[in-house]
Amino acid sequence: MQKLVLASNNAGKVREFQELLAPFHFQIIPQGDLGIPAAEEPHHTFVENALAKARHASAASGLPALADDSGICAHALDGAPGVYSARYAGVDGDNAANNHKLITALQGNTDRGAHYVCALVMVNSANDPEPLIVQTRWHGQITDDAKGTYGFGYDPHFFLPELGKTAAELEPSEKNRISHRGQALRELIKQLQNRAEYC
């Protein structure tokens, strides 16, 4: 099994990536297990932040690294909270506070459309000149009432009209099949099949 550092200390993301990558024979090592601190995320786009995180983890570990930058974009808020999703209500990344701020910001708006974004980047080394980059979207709506006990982040308020459920009401296997992160990982695997150095 090839070792792959996951550039995240988010327990929810670590769990999802371990489940999603299990069939592909990668040994996922969260960067926190190696004592690698979180990278700075100073950029205004998901892709730039994911690339910075992947290069940081690879440089610190000497191993290939995988990073994602993801968040939710509310249409009525011009895409906010966007890249600031995890720290929308402050730097501590409190899910309840983030959700409360989003629901409050949307009060009075009839447009509740939103989409999750996942930018996924894999580097073979810190200076990899050809990083693998994928960006995907998962469309839904923001609801005032939280429902469901699965998932994390904004999932209890992210309603999927075609399923009649929030993301937090989906079993993990179902969420992984259709989510922004699941879509991105499947596309990344397609790219990996054409890159022998990762195999």
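Here are some notes:
- Residues 58, 173, ranked from the fewest to the most other C-beta atoms within 10 Å, line up as 173, 58.
- Helix axis angle, 11-21 relative to the chain longest principal axis, alpha carbon, degrees: 60 degrees
- Tally of Lys pairs whose C-alpha atoms are under 16 Å apart, taken over the chain, 8 or more apart or cross-chain: 5
- Rounded to 0.05, the FRET efficiency of the residue 87 and residue 130 pair, given R0 = 41 Å and the Cβ-Cβ distance, is 0.85.
- Between residue 45 and residue 94, the simple spin-label model (points 7 angstrom out along Cα→Cβ) gives 3.4 nm.
- With R₀ set to 45 Å, the beta-carbon distance separating residue 1 from residue 110 gives a calculated FRET efficiency near 0.35.
- Across the range 1-95, the relative contact order, built from alpha-carbon pairs under 8 Å that are at least six residues apart, equals 26 percent.
- With contacts taken as Cα pairs under 8 Å at a separation of at least 6 residues, the range 2-198 carries a relative contact order of 17 percent.
- Calculated [222 nm] ellipticity per residue, helices only, for the chain: -9000 deg cm²/dmol; basis is -39500 (n - 2.57) per DSSP H run with n ≥ 4, divided by all residues, nearest 500.
- Plainly put, the range 110-152 has a radius of gyration that is 1.21 times its Kirkwood radius, both from alpha-carbon atoms, as the Rg/Rh ratio.
- Among 60-70, 159-169, the order from most to least packed when residues are scored by Cβ within 10 Å on average: 60-70, 159-169
- Karplus-derived 3J(HN,Hα) values for the range 174-188, using 6.51 cos²θ - 1.76 cosθ + 1.60 with θ = phi - 60°, are 6, 4, 4, 6, 10, 6, 4, 6, x, 4, 5, 5, 4, 5, 5 Hz; glycine and proline are entered as x.
Values quoted throughout were computed directly from the atomic coordinates according to the rules given, and no laboratory measurement underlies them. Since the structure is predicted, the reported quantities are computational estimates derived from the model, not experimental observations. We place every Cβ from the backbone using ideal geometry, glycine too, and count neighbours over all the protein chains shown.
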